[in-house]
Amino acid sequence: MVARLTIPTRLVLSVLLAEPETELYGLEVAERSGLPTGTLHPILARLEGLGWATSRWEEVDAAVVGRPRRRYYRLTATGRREAQRRLSDARPVPGLRGASLTTRTALS
């Protein structure tokens with residue numbers, strides 16, 4: 001069980017919860033949350049370890065598409081329930097009153 005949700009974790013959960021049935025690849029989550037990938041990927045790994053998220057590797061040949069394969073993430077049913085509960089219970093973030101946690105400008 002997660003003792004508390006950090007602001008970056010709340011941002012990631014908000015992004016994934018915004019489109020719960022859609023798989024998003026890591027860079028999409030990074031861009032939507034405003035988090036650097038070095039912060040994002042450990043959070044996604046933790047969410048997977050908790051059973052809150054699942055991931056899968058894209059089935060393409062990187063040489064053919066001209067880019068690395070993408071790893072797609074989405075919340076599990078448990079992850080959606082926990083994210084909704086935890087985000088609704090979370091204390092407001094100082095400086096973010098009235099701002100959406102899913103926008104890059106929320107951290108400015």
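The values are calculated or read from the model by the stated rules, or taken from the named source; none is laboratory data. Keep in mind that what you see is a predicted model, and the values were worked out from it rather than measured. Note that each Cβ is placed from the backbone with ideal geometry, even for glycine, and that neighbours are counted across all protein chains shown.
For the reader, a short list of remarks on this structure follows.
- Residue ID - nearest to the chain's Cα centre (by Cα), chosen from residues in the range 55-71 that are assigned to a strand (DSSP E or B) and among the basic types (Lys, Arg): 71
- Number of the condition not met by residue 51 [criteria: (1) part of a helix (DSSP H, G or I); (2) out of contact with any strand residue (DSSP E or B) (no Cβ under 8 Å at 6 or more places or on another chain); (3) closer than 22 Å to residue 85 by Cβ; (4) not hydrophobic (A, V, I, L, M, F, W, C)]: (1)
- Of all residues in the range 23-36, those satisfying the criterion of being buried (at least 19 other Cβ atoms within 10 Å of the Cβ), touching a residue at least 12 places away in the same chain (Cβ under 8 Å) and assigned to a helix (DSSP H, G or I) are 29, 32, 33.
One line per residue, one yes/no per condition, for (1) at pLDDT below 95; (2) of a type outside the set (A, V, I, L, M); (3) not in a helix (DSSP H, G or I):
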| residue | (1), (2), (3) |
| --- | --- |
| 21 | yes, yes, yes |
| 38 | no, yes, no |
| 46 | no, yes, no |
| 78 | no, yes, no |
| 93 | yes, no, yes |
